[in-house]
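Remarks on the structure that follows.
The values are calculated or read from the model by the stated rules, or taken from the named source; none is laboratory data. Because the structure is predicted, anything quoted here is derived from the model rather than measured. As a convention, Cβ positions derive from the backbone with ideal geometry for all residues, glycine included, and neighbour counts pool all protein chains shown. Accessible surface is based on the protein model in full, side chains and every heavy atom, while ligands, DNA and RNA are left aside. Shrake-Rupley method; radii C 1.70, N 1.55, O 1.52, S 1.80 Å.
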Amino acid sequence: MKKIFLAVALLAVGISTASAEWKIAGDKIRTKWAEEVTPSNVLPEYPRPQLVRSEWQNLNGLWNYAIRPKDEAKPAEMDGDILVPFAVESSLSGVMKPLGQHSALWYEREFTVPSAWKGNRILLHFGAVDWHAQVWINDMKIGEHKGGYSPFSFDITPALQKGANKLTVKVLDPGADGWQPRGKQSNRPWILWYTSVSGIWQTVWMEPVAENRVESLKTTPDIDAGILTVKPNVKADENCVAEVKLFDGDNLIASGKSMNGMEVTLPVPNAKLWSPESPFLYDMEVTLSRNGKIVDKVKSYAAMRKFSMKMGADHIIRLQLNNEDYFQFGTLDQGYWPDGLYTAPTDEALAFDIIKTKELGYNMIRKHIKVEPARWYTHCDRIGMIVWQDMPSGDE
């Protein structure tokens, strides 16, 4: 009993020490949510609400980091702790240092794979890393990705070992000195140019998946025909069948099956149409079966809505929503936070701007030369906000 108590006490000391080592860097303006951020509770929400599985593991929290000349090998010793997924230049990262075109940002941490996941393929997901990420598991390079705004993932199963595993990430980001898309980032922030963002800035996470699985979903509503087309992108052999079910609450509205990733067309009679005034969403469930046995199941959602343009009798082209003239008006949303830069301090903060924008009477947000985490778009869908999505711009 004494040994158990001592172990618990030491664990508690370890946790408090780790938390004590991290603190918000600098004296920048902070949002009211900054004080809620801790190493043990940083963006714990499921990061991909458009394709949900029940099993997953969040890798956000304290990692080791180092900044070194970009051509040097991985350092033998790291510089300290960084709170992932906040960019190294942000105060919430606990670092608040620039990277620059001549340096590399190294990350490292350990993780273990739950024993219950045995027999599955293990996928490692990055919500977004700005800009060029190279990834190793147990010193085995598993892949790299260029692009500061798009999610990417790797099947890390072959590189895993029993017990603790080491995850290493090297990031290169030329910032405003490069040609890559970067939006409003600048080396010299002033007026309408903002602080650069480098490194991991969205959630890092893992999930177990079957060899045969659903990889993504494409939904296309047609309110005129009263149908919803769903294309499950599957990684599966010819013995697999995908079944799509559409729900209104607990009521099954429609279902359909397909093989080889073919489209499923679902009838949606008397559809409840989505609009900012009535942001109704249908729940969706997709299962993948092999020889009659379910091997994968994901949950998602869909909206029955139509955006179009029509020329009136006055020869003026107007935007329409669900075949009715609809005047869209809203804000130019930069998506910058004083404490987290590209990353909202909490999920509540991420939704707050959308809620307040709607309370002020707007029905649209133009997301200005930045792509947000997947949860932001789901908040817009559920709250009732139209999105005009910019592409992040580069330089000459």
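Summing Lys, Arg as +1 and Asp, Glu as -1, what charge do residues with Cβ under 13 Å from the Cβ of Asp250 carry, Asp250 excluded? Could the numbers behind the result be given before it?
Values: positive: Lys245; negative: Asp248, Asp283, Glu285.
Value of the local net charge: -2.
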Helix 2-21 sits at what angle to the longest principal axis of the chain, using alpha carbons and giving 0 to 90 degrees rounded to 10?
80
Met304, Met96, Met391, ranked by accessible area, largest first (probe 1.4 Å):
Met391, Met96, Met304
Cα gyration tensor, segment 249-294 - rounded (a/c under 1.5), prolate or oblate
prolate
How large a share of the accessible area of segment 203-290, in percent, is made up of carbon and sulfur atoms when the probe is 1.4 Å and the other protein chains stay in place?
44
So what is log10(I(q)/I(0)) for segment 188-346 at q = 0.21 1/Å, when the Debye sum runs over its Cα atoms only?
-1.18
Length released on extending from Ala313 to Thr220, taking residue separation times 0.36 nm less the Cα-Cα span:
30.5 nm
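Once fully extended, how much extra length lies between Asp155 and Arg68, figured as 0.36 nm per residue of separation less the alpha-carbon to alpha-carbon distance? Write down the numbers at each step before the final one.
On the way: separation 87, 0.36 × 87 = 31.32 nm, distance 2.81 nm.
Here the answer is 28.5 nm.
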Taking Rh as the Kirkwood radius, which is the inverse of the mean 1/r over Cα pairs, what is the Rg/Rh value for the chain?
0.99
Taking a straight Cα-to-Cα line shorter than 16 Å from Lys306, and setting aside same-chain lysines fewer than 8 residues away, one finds Lys218, Lys272
GNM top mover of Leu92, Leu83, Leu281 - the chain, alpha-carbon springs below 10 Å:
Leu281
Expressed per residue, the solvent accessible area of the chain in Å² (1.4 Å probe) is about 50
I want to check the label-to-label distance for Glu359 and Lys32. Put each point 7 Å from Cα in the C-beta direction and report it in nm to one decimal.
0.8
What residue among Tyr326, Thr229, Ser275 has its Cα farthest toward the positive end of the dipole of segment 228-348, where the charges are +1 on Lys, Arg and -1 on Asp, Glu, each on the Cβ?
Thr229
Charged-residue dipole, Cβ positions (Lys, Arg, Asp, Glu), segment 247-364 about Cα centre, Debye nearest 20:
580
In whole percent, the fraction of accessible protein surface over segment 32-89 that belongs to carbon or sulfur atoms, probe radius 1.4 Å, stands at 46
Filtered hits (lysines, Cα-Cα < 17 Å from Lys356, offset >= 8 within chain) -> Lys32, Lys367
Choice from Asn291, Asn41, Asn120 with maximal GNM fluctuation in the chain (Cα, 10 Å cutoff):
Asn291
Normalised Cα Rg of segment 22-148, dividing by 2.2 N^0.38 Å with N its residue count, works out at 1.15
Based on the Cβ-Cβ distance of Thr112 and Asn323, what FRET efficiency does E = 1/(1 + (r/R0)^6) give at R0 = 51 Å, to the nearest 0.05?
0.45
What residues of segment 53-81 lie in the reach of a label at Thr378, counting those whose backbone N is under 20 Å from a point 7 Å from the Cα along Cα→Cβ?
53-61
Compute a Gaussian network model of the chain, connecting alpha carbons closer than 10 Å, and tell me which residue from Trp179, Trp201, Trp106 fluctuates the most.
Trp179
Cross-link partners among aspartates and glutamates for Lys141, C-alpha distance below 15 Å, same-chain residues fewer than 8 apart left out?
Glu108, Asp155
Placing one equal point scatterer on each C-alpha of segment 280-356 and summing with Debye, one gets log10 I(q)/I(0) at q = 0.20 Å⁻¹ equal to -0.98
Give me the percent of accessible area attributable to carbon and sulfur for segment 104-143, probe 1.4 angstrom.
48
Report the paramagnetic label zone for Ile191: residues of segment 363-393 whose backbone N is under 18 Å from a point 7 Å from Cα along the Cα-to-Cβ axis.
none
